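The values are calculated or read from the model by the stated rules, or taken from the named source; none is laboratory data. Everything quoted here is computed from the prediction, not taken from an experiment. All Cβ positions, even for glycine, are placed from backbone atoms using ideal geometry, and neighbour counts span all protein chains on display.
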Amino acid sequence: MSPSQSAVSSQVRRTFLDFFAQRGHEVVASAPLVPQNDPTLMFVNAGMVQFKDVFTGKEKRPYTRAASSQKCIRISGKHNDLENVGVTARHQTFFEMLGNFSFGDYFKEEAIVYAWELLTKVYGVPASRLIVTVYNGEGGFPADEEAAAIWRKVTGFGDDRIQRLGLADNFWTMGDTGPCGPCSEIHFFHGNEPDLSRFGEEPRIDGSGWTEIWNNVFMQYDRAEKDGPVTPLPAASVDTGMGLERIASVLQGVTSNYDTDLLRGLVDRAAQLSGKRYTGSTGADDVSMRVIADHARTTAFLIAEGVMPEKQKREYVLRRVMRRAIRHGHRLGIEKPFLHEVALDVVRLMGDVYPELNERRELIARVTEDEEVRFRATLKRGMKILEERFGAMQSTDARVLPAEAAADLYTTYGFPLDLTQVICAEQKFEVDVAGAEAIIRGAEETDGPINPEAALDPAFREARGRLQEPVTFTGYDAEEGDSEVVALIRVDTEGSGEKARRRRVLVDRAEAGTHVEVVVASTPFYAESGGQVGDIGTITASGLLVEVKDAQKPLTGLTVHDGVVSQGSIEVGQRVHLEVNHAARSATRRNHSATHVLHWALRKVLGEHAQQKGSRVGPDILRFDFAHNKPLTREEAEKIEDLVNAKLLSNASVQTDVLSMDEAKKRGAMAIFEEKYGDTVRMLSMTPEVVELCGGTHASALGDIGFFKITGEGGVAAGVRRLFAATGLNALSYVRSLENDMGRARQAARAQGGDLAEKIGKLVAHERELEKKIAELERRLAEGGGPGQGSGGGLEAFLEGAREVGGVKVLARRLADGTSAAALREIAEKLRDKLGDRAAVLLGSVVGDKVQLALMVSKAATERLKAGDLIRPIAKVVGGSGGGRPDMAQAGGTEIGKIDAAIEAAYVEFEKKLG
């Protein structure tokens, strides 16, 4: 193979894997993008992530050499390339990392020889266009003279082509914690003649100049805690990474990753959809096309793994990416939803290598299109609001969008803050980002890094270190068993409520009354995972009783039994008997097995897109999230129940096979989004149609589940529905509760036989008629006057108090106590219209123990007065808050004694805005 257009990316990938397979490396499939073994990472960002525990010695594999092509996303935390995407020739949020790994087998010399041989002899990259770098010794670690000497021997290079760089460039860490070590990079020169004097410059936008194509990391250390000390790894190892897109650009003779066969087709599709020509320039249109191409790949791959565009954590990251792409499409003039079309091109281009794309093709298209339809409406609203803001700001020479306005765009309309920044920058305005972020954080959790406290607790890491082997789970075949206490963690709770914090300390012994987490060598307790809750039960010995309330798996290979020592004492090394609560386990098994049949029935009734998004099953809960964009109809729900119950009545046995992932897929097994799979999996076969992978505990036969009944359904996120159901004794209890409710309803309505619905209908109609009469009486009473205002006079009496401020007629009045919010709005609207076409009216009333406020602004006056903004400081006077549109807003408060002060405050605010 030589650098040319014939070196298609699939050949480049295959050549790499074959090269290392021939040299004793196990070719390992790409791990999922959502990390399976590292809670500190938002997404897998390097090929070594799936091998992290192998490097540290906490996990053993049947091989000591491996090679892979790993799908990666760098969009958060230390590795965040988002802002450079589309701007430079090299950056993507999604990319593939080719890597070879040694786990205590070979080290620096073999890694360097392999890299040089593959690049120069197999791929045919000219050595004259290459340069290498080694670590220079900053940060308290010695310079890597060993690597420099090996490079001299292997390449014949002098020191001018073996550059020495510091900690930032040539010492690699995956994140805040984990394996790390010095690295040695290989750089390629894009351009006419290699220029050593330019090495170290930032790469040009067009991709010419020096660019890193391969990084050889020599793993020697491990950092257990952020900013903590490093310790030597059990064995020196190798982790290398070469971006497929970058080496493809080298071998295809192009200077931009976006001109390779991996991305150019997607760029051209964006050009086609926009009706514009792609020129490969740094112009805004070409940048937008590149952004769309990259973001479509990230979109397709994340949805294929069950990540849906939502408001929190990695789901919000996906939403940001999708909305960023949609915004660029809008900027290009693409007027209809388009991103799903580009995402389907990703499926077509990459589905053969990553079959999950083909398997979830319909889901990718549906979720992407639905999100775009929603966001285009949001974009339209947000742009209109911003245009109004820009007009007001220009009139006052203000150049910074207030924090409250930017935050309101996000919290009220779902308009991303970064998008607000982009649009403001285009119009030469700035945004109070820090202030907006503070307001948003106060309203809801945003997309911070996933960093669960428990998973990082040093006590857990120390406890796992005391295990000879990972904790063995025996619960598939037994509900009780004996084992030895390997570690004991005392849990002290500091604080209370939401501020409560657990502090864990390893101890050798715990007395009665102590909250403990017990670690044993083997256990029948299922630790929470895959949506199934942890088992409850007991740990006993002579004179000892520990009541286990939960079982968790905070780290790979570690199971902890969370409970309280009720009698006696427990100590490390003690032989104990573990017993799972049979009734709770049985109920959980029924619910869990039912979810698999339910999953099949949902796809049968709604379509193949209705795939599992998440679940939670326990003794008293069966919750199932699935991809669908509208509520179930009554007919659909009944069909689903009928299908599930028909399967249960067949009483088919539930068969479990333990086999390789490849074999399971050949047999048609469906993988579930939230499960974590290794090379060996458990395949459940319930009927020929219901074959899925699952590591949970299950019923022996479908008839054991008993009766299945849907108990509730609703929306949980964009394109995701949530269904609740009951099985077995829970379903019986649910039906009985319905019967009891029906009986009480008949008695209250004095209904007989089948006329209950008719009776209730008549009662509801009568109630509505009474409500209308009450509302009319309230309105008439309010128009007649209020406290301190006398009576009579109607609406005209109110107009006498109107003032004119800055060419706008304004009025603030208190109405009679008990005037409802609806009546306030109606009367305020009438008064506003009577005052003319430039008017604003605020009315208030005390209703029970609360203050109600309503503000109406005429359309012509909204250029200077925004009702939603104006009502907030007024509401603060009565200890409340509110908001709304520029022409109408509502608020409430609890300090009823300050309502008159709030009315006066309205005039103060009118003066501020208009005076």
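Given the options Asp53, Asp38, name the one that is in the same structural domain as Val254 (by TED's automatic domain parsing), closer than 30 Å to Val321 by Cα and at pLDDT below 90.
Only one candidate passes the filter, namely Asp38.
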Item checked: Of all residues making up the range 522-577, the number that are of a type in the set (Asp, Glu), more than 15 Å from Val486 (Cα to Cα), in contact (Cβ under 8 Å) with a residue 60 or more places away in the chain and surrounded by fewer than 23 Cβ atoms within 10 Å (Cβ to Cβ) -> 0
Next item on the list: Answer with yes or no whether Phe473 is surrounded by 22 or more Cβ atoms within 10 Å (Cβ to Cβ), of a type in the set (A, V, I, L, M, F, W, C) and closer than 30 Å to Asp38 by Cα.
Entry: no
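Out of the range 418-439, which residues are among the aliphatic types (A, V, I, L, M) and not in a helix (DSSP H, G or I)?
Val431
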Checklist line | Number of positions in the range 229-282 that are of a type in the set (S, T, N, Q), more than 27 Å from Ser69 (Cβ to Cβ) and not in a loop (DSSP other than H, G, I, E, B) | finding: 3
Next item on the list: Consider only pairs whose beta carbons are under 8 Å apart and that are at least six residues apart or on different chains; among these, list those whose first residue lies in the range 684-698 and is within 25 Å of Ala551 (Cβ to Cβ) and whose second residue is crowded, with 21+ Cβ neighbours inside 10 Å and among the basic types (Lys, Arg).
Entry: Thr697/Arg589; His698/Arg589
Notebook entry, point to check: Does Val580 meet the test of being in contact with a helix residue (DSSP H, G or I) (Cβ under 8 Å, 6 or more places away or on another chain), in contact (Cβ under 8 Å) with a residue 40 or more places away in the chain and either in the same structural domain as Asp642 (by TED's automatic domain parsing) or closer than 19 Å to Phe525 by Cα (or both)?
Noted result: no
Next item on the list: Just give me the residues in the range 89-141 being β-branched (Val, Ile, Thr), farther than 19 Å from Pro179 by Cα and either buried (at least 24 other Cβ atoms within 10 Å of the Cβ) or in contact (Cβ under 8 Å) with a residue 40 or more places away in the chain (or both), in sequence order.
Entry: Thr93, Ile112, Val113, Val122, Val125, Ile131, Val132, Thr133
Note to self: Taking the condition of being in contact with a helix residue (DSSP H, G or I) (Cβ under 7 Å, 6 or more places away or on another chain), outside any loop (DSSP other than H, G, I, E, B) and over 24 Å from Val654 (Cβ atoms), how many residues in the range 607-643 meet it?
What the structure shows: 2
Next item on the list: Test Thr697 against the criterion of being buried (at least 17 other Cβ atoms within 10 Å of the Cβ) and among the β-branched types (Val, Ile, Thr), and give yes or no.
Entry: yes
Item checked: Of the criteria (1) modelled with pLDDT under 90; (2) surrounded by 14 or more Cβ atoms within 10 Å (Cβ to Cβ); (3) touching a strand residue (DSSP E or B) at 6+ places or on another chain (Cβ under 8 Å); (4) not small (Gly, Ala, Ser), which one Leu648 fails -> (1)
Check: What are the residues in the range 120-147 that are among the acidic types (Asp, Glu) and touching a helix residue (DSSP H, G or I) at 6+ places or on another chain (Cβ under 7 Å), if any?
Finding: Glu138, Glu146
Check: Restricting the range 873-915 to residues that are under 20 Å from Lys809 (Cβ atoms) and β-branched (Val, Ile, Thr), which is surrounded by the most Cβ atoms within 10 Å (Cβ to Cβ)?
Finding: Ile874
Margin query: Is it the case, given these coordinates, that Leu318 is within 23 Å of Lys71 (Cα to Cα), touching a Pro at 6+ places or on another chain (Cβ under 7 Å) and either assigned to a helix (DSSP H, G or I) or outside the structural domain of Phe626 (by TED's automatic domain parsing) (or both)?
Written below: yes
Item checked: Selected residue (only one of Gly99, Gly104, Gly137, Gly124 is within 37 Å of the chain's Cα centre (by Cα), on the phi > 0 side of the Ramachandran plot and assigned by TED's automatic domain parsing to the domain that holds Phe157) -> Gly104
Next item on the list: Scan the range 13-29 for residues that are part of a loop (DSSP other than H, G, I, E, B) and not polar (S, T, N, Q) and report the count.
Entry: 5
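Evaluate the following for Lys226: is it of a type outside the set (A, V, I, L, M) and over 30 Å from the mean Cα position of the chain (by Cα)?
Answer is no for this residue.
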Note to self: Of everything in the range 848-887, what is part of a strand (DSSP E or B) and either within 18 Å of Thr411 (Cα to Cα) or at pLDDT below 90 (or both)? Give them in sequence order.
What the structure shows: Ser881, Gly882, Gly883, Gly884
Next item on the list: State whether one or more residues within the range 695-708 are more than 13 Å from Ala594 (Cα to Cα) and either part of a loop (DSSP other than H, G, I, E, B) or touching a Gly at 6+ places or on another chain (Cβ under 9 Å) (or both).
Entry: yes
